[in-house]
Amino acid sequence: MPDRIKIFGDQRSGNCLKVKWTADFVGRTSEWIDVLAGSGATQDPAFLAINPAAQVPVVILPDGRALAQSNAILLFLAEGTKLVPSDHYERARMWEWMFWEQYSHEPSIAVRRWQLSYLNIPVDQIDPSLLVRGNRALTIMEARLGQTNWFAGAGFSCADIALLAYTRMAGEGGFVLIRASVIGSNGQRVF
Ligand SMILES: N[C@@H](CCC(=O)N[C@@H](CS)C(=O)NCC(=O)O)C(=O)O
């Protein structure tokens with residue numbers, strides 16, 4: 001497959017899974033290479049040569065170039081597809097939610113989930129501000145989805161994929177999702 005990309009990722013990681021989901025959605029062939037976060041594998045010199053930031057996900061393009069940062073990879077894979085709004089302002093709104101996801105959503109929800117469910121840190125030893133900040137992020141999402149079916153633009157975009165990643169795992173971080181949204185076959189929210 002000449003356009004096959006290699007995805008170095010950890011299947012427990014929302015940041016990594018969102019790259020795979022996007023590749024699948026846009027029909028990009030990919031090969032998944034497991035790199036376990038927290039195992040020291042990202043500190044290996046061979047891995048650091050690919051991503052000096054010592055993080056997954058990172059992809060290798062067919063021409064050998066590497067690209068890291070989950071949301072940068074999403075935007076790269078989705079360029080020219082319906083996952084990226086064509087309208088300049090709506091596209092910027094998508095970026096707005098994606099930057100927010102990495103700064104205000106993932107650092108609380110993903111971190112609390114990791115500490116609680118993977119590092120097995122007792123709940124009373126976890127920074128309580130993670131729960132507060134994560135719930136604040138979920139409340140902001142809920143308010144947005146009370147107004148519109150999608151975070152940005154008129155349809156499903158990279159912002160929805162980025163925000164789905166750790167929201168669907170939030171329960172493992174001790175967050176209670178009080179209302180689930182179900183999208184029907186007509187693309188509309190059922191509830
Ligand atoms: N902002 C980065 C965050 C990536 C990140 O935090 N990766 C974690 C796993 S989810 C990692 O590789 N940590 C290094 C390690 O645990 O070895 C992105 O969106 O790709």
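The values are calculated or read from the model by the stated rules, or taken from the named source; none is laboratory data. Being a predicted model, the structure only gives us computed values, none of them experimental. Here Cβ is always computed from backbone atoms with ideal geometry, including for glycine, and neighbour counts include all displayed protein chains. These accessible areas exclude ligands, DNA and RNA; they are computed on the full protein's heavy atoms, side chains included. Shrake-Rupley method; radii C 1.70, N 1.55, O 1.52, S 1.80 Å.
Summary of computed values
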{"quantity": "Residues of region 128-140 that turn out to be open to solvent by 50 Å² or more (accessible area, probe 1.4 Å) and either among the aromatic types (Phe, Trp, Tyr) or in contact with a Ser or Thr (Cβ under 9 Å, 6 or more places away or on another chain) (or both), as a count", "calculated": "6"}
{"quantity": "Phe76 vs. criteria open to solvent by 60 Å² or more (accessible area, probe 1.4 Å), modelled with pLDDT of 95 or more and within 25 Å of Gly173 (Cβ to Cβ)", "calculated": "no"}
{"quantity": "Residue satisfying all of: in region 158-178; touching a Lys or Arg at 6+ places or on another chain (Cβ under 8 Å) and assigned to a loop (DSSP other than H, G, I, E, B); most open to solvent (accessible area, probe 1.4 Å) among these", "calculated": "Gly174"}
{"quantity": "Selection from region 19-72 of residues that are open to solvent by 60 Å² or more (accessible area, probe 1.4 Å) and touching a residue at least 60 places away in the same chain (Cβ under 8 Å)", "calculated": "Trp21, Phe25, Gly38, Pro62"}
{"quantity": "Which numbered condition Val56 misses (of (1) away from the ligand (no atom under 12 Å from the Cβ); (2) within 20 Å of the chain's Cα centre (by Cα))", "calculated": "(1)"}
{"quantity": "Filtered residues of region 33-53 (kept if more than 12 Å from the ligand (Cβ to nearest atom) and over 13 Å from Gly9 (Cβ atoms))", "calculated": "Pro45, Ala46, Ala49, Pro52"}
{"quantity": "Residue list for region 1-12, restricted to those being in a loop (DSSP other than H, G, I, E, B) and open to solvent by less than 10 Å² (accessible area, probe 1.4 Å)", "calculated": "Asp10"}
{"quantity": "Qualifying residue in region 23-32 (condition: over 16 Å from Leu75 (Cα atoms) and within 15 Å of the ligand (Cβ to nearest atom))", "calculated": "yes"}
{"quantity": "Residue within region 97-104 that is more than 16 Å from the ligand (Cβ to nearest atom), under 27 Å from Ala23 (Cβ atoms) and exposed (fewer than 13 other Cβ atoms within 10 Å of the Cβ) present", "calculated": "no"}
